[in-house]
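The values are calculated or read from the model by the stated rules, or taken from the named source; none is laboratory data. In this text the structure is predicted, and so the values were computed from the model without any measurement. Note that we place each Cβ from the backbone using ideal geometry, even for glycine, and neighbour counts take in every protein chain shown. Only protein heavy atoms, including side chains, enter the accessible area calculation; ligands, DNA and RNA are left aside. Shrake-Rupley method; radii C 1.70, N 1.55, O 1.52, S 1.80 Å.
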Amino acid sequence: MTTTNEVTAAPHWVVPHWIDGAEYPSTSGRTAPVYDPALGVETKRVALADKAEIDAAVASAKAAFPGWSDLSLARRQAVVFKFRELLDARKGELAEIITSEHGKVLSDALGEISRGQEVVEFATGLAHHLKGEFSEQVSTGIDVYSTRQPLGVVGIISPFNFPAMVPAWFFPIAIAAGNTVVLKPSEKDPSAALWLAGLWKDAGLPDGVFTVLNGDKEAVDGLLEHPDVQAISFVGSTPIARYVYETGTRHGKRVQALGGAKNHMLVLPDADLDLTADSAINAGFGSAGERCMAISVVVAVEPVADELVSRIVDKMKTLRIGDGRRGCDMGPLVTGQHRDKVASYIDIAAQDGATVVVDGRDVRADGDANGFWLGPSLIDNVPTTSRVYTEEIFGPVLSVVRVPSYEAGVELINSGAFGNGTAIFTNDGGAARRFQKDIQVGMIGINVPIPVPVATFSFGGWRDSLFGDTKAHGAEGVKFFTRLKAITSRWLDPSHGGINLGFPEND
Ligand code: NAD
């Protein structure tokens, strides 16, 4: 059994807020630890905002809104273009920051930045997406048209697992559309947000348009209740997403709250088993399973399970676990506490009668002995009543559930609480087409294990994986960060005179 082994070193640095275009040291007196997960030591602390700091952040963003929203779209987009160029040139720095606080391997950190950069690139062309509609002569001498206008101050509250990409699902579109943003990053890995704030400044963004407010529940509640915050984009676990949605909407805000996941991969007997085993490993253990689109359950349609499990086990032996700066395949978990929680599911699996095929607690990591290590684990014959199956584990624990038929697999996937992503592996086009229609999940992969849509489409799940009706980025992101206005216009000439108190009719 692993134990928590977080080592506390004397902190050198408290990660501050970023307000009015500069670092803003906290005076709240409250901080939280930030670890280097591969070393297992506290390397810094992060400020936890109090009410005065929340008010200062929102006031700065509010003051910046009139000037920023009034700037021409061409000028706003020019800043986004510059931000994209700087990000592309300097993303290696950001990847190192992510690895040092999250633990994911450097190549994976670069991968998340690239996916965030896609949304920045989408936002460079926002002029196209902000185009309104125009109907000429809907009534005699009357035209009707629509515009999309920014909301004002918008809050983004993000989780630890993608400290750059998840905020970037939202802020490029929000900013290009003319809003000002207050980002509340995860307190577990806050430095990426601060680095992004500095990059925005270098790109020429006016002070106050992008603010970083570090903090915990107090900062989240402060944003949810603040009268000057118009909208909230939240990403995190399902209980907090539900709370954020209910609290934010009760305070009159527009809210999109993306929650947790339990993603299944349905494997039909005709699938290419080598490709499928590779995909299960990549999607199950990449980023130590700390991805909302990770595959956590392989649903094997018999008689394929024995052969598939055997191939997965063989391939798992090749994985190198260790410090993300050493070219390994998989890094540590984010904190010792989280590692212990994830590891506890292996005991639960054994107690519930599942077969622990590979136990990640036996891992030998290429890294410091104090790192928050847990190797990849494979658990077969998982009962669907077990907490290993019903709960989001959010770590490198891959379950296998065996089902007798395609229909039984689809019924299982559709009966779960979450509906974020799912995938089917098959060579049968008809079965895949039927799956995409039958399945009650927001994002579907066909022989693609992590079906994160590109930035021109929208990201988000169904059921307990998304509260609110608007997804992230793509057309839905533009819709979320803008308000629609319809204008009915007539240019008067003397023939239009006369009094008529009736409801306007078209003629
Ligand atoms: P989390 O819910 O613990 O934290 C998310 C954010 O909420 C953080 O900024 C945190 O400070 C804040 N928070 C935490 N507790 C709070 C409370 N009691 N009240 C108000 N705010 C609170 O999530 P996490 O552990 O940082 O991230 C992992 C979770 O995020 C997983 O469940 C994962 O599936 C989910 N996630 C979902 C998506 C998606 O697109 N659906 C993407 C990434 C991560």
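Annotations for the structure displayed:
- Residue match in segment 234-248 (condition: at pLDDT 95 or above and more than 16 Å from the ligand (Cβ to nearest atom)): no
- Residue within segment 431-444 that is farther than 26 Å from TYR245 by Cβ, more than 15 Å from the ligand (Cβ to nearest atom) and small (Gly, Ala, Ser) present: yes
- Count - residues of segment 198-226 that are farther than 15 Å from SER26 by Cβ and not aromatic (Phe, Trp, Tyr): 18
- Residue that is farthest from SER310 (Cα to Cα), among those in segment 356-368 that are out of contact with any Ser or Thr (no Cβ under 8 Å at 6 or more places or on another chain) and in contact (Cβ under 8 Å) with a residue 60 or more places away in the chain: ASP368
- Number of the condition not met by PRO227 [criteria: (1) free of Cβ contacts under 8 Å to residues at least 60 places away in the same chain; (2) assigned to a loop (DSSP other than H, G, I, E, B); (3) of a type outside the set (Asp, Glu); (4) within 30 Å of ASP428 (Cβ to Cβ)]: (4)
- All of ILE175, ILE156 fail the test of being within 15 Å of the ligand (Cβ to nearest atom), open to solvent by less than 10 Å² (accessible area, probe 1.4 Å), touching a residue at least 40 places away in the same chain (Cβ under 8 Å) and β-branched (Val, Ile, Thr), apart from ILE156.
- Positions within segment 249-264 being open to solvent by 30 Å² or more (accessible area, probe 1.4 Å) and either in contact with a strand residue (DSSP E or B) (Cβ under 8 Å, 6 or more places away or on another chain) or within 11 Å of the ligand (Cβ to nearest atom) (or both), in sequence order: THR249, ARG254
- Which numbered condition ASP221 misses (of (1) closer than 13 Å to GLY155 by Cα; (2) near the ligand (Cβ under 10 Å from one of its atoms); (3) surrounded by fewer than 24 Cβ atoms within 10 Å (Cβ to Cβ); (4) touching a residue at least 40 places away in the same chain (Cβ under 8 Å)): (4)
- For segment 418-430, a tally of residues being open to solvent by 30 Å² or more (accessible area, probe 1.4 Å) and within 11 Å of the ligand (Cβ to nearest atom) returns 1.
- Taken as a whole, the condition of being closer than 26 Å to ALA369 by Cα, buried (at least 24 other Cβ atoms within 10 Å of the Cβ) and out of contact with any Lys or Arg (no Cβ under 7 Å at 6 or more places or on another chain) does not apply to GLY322.
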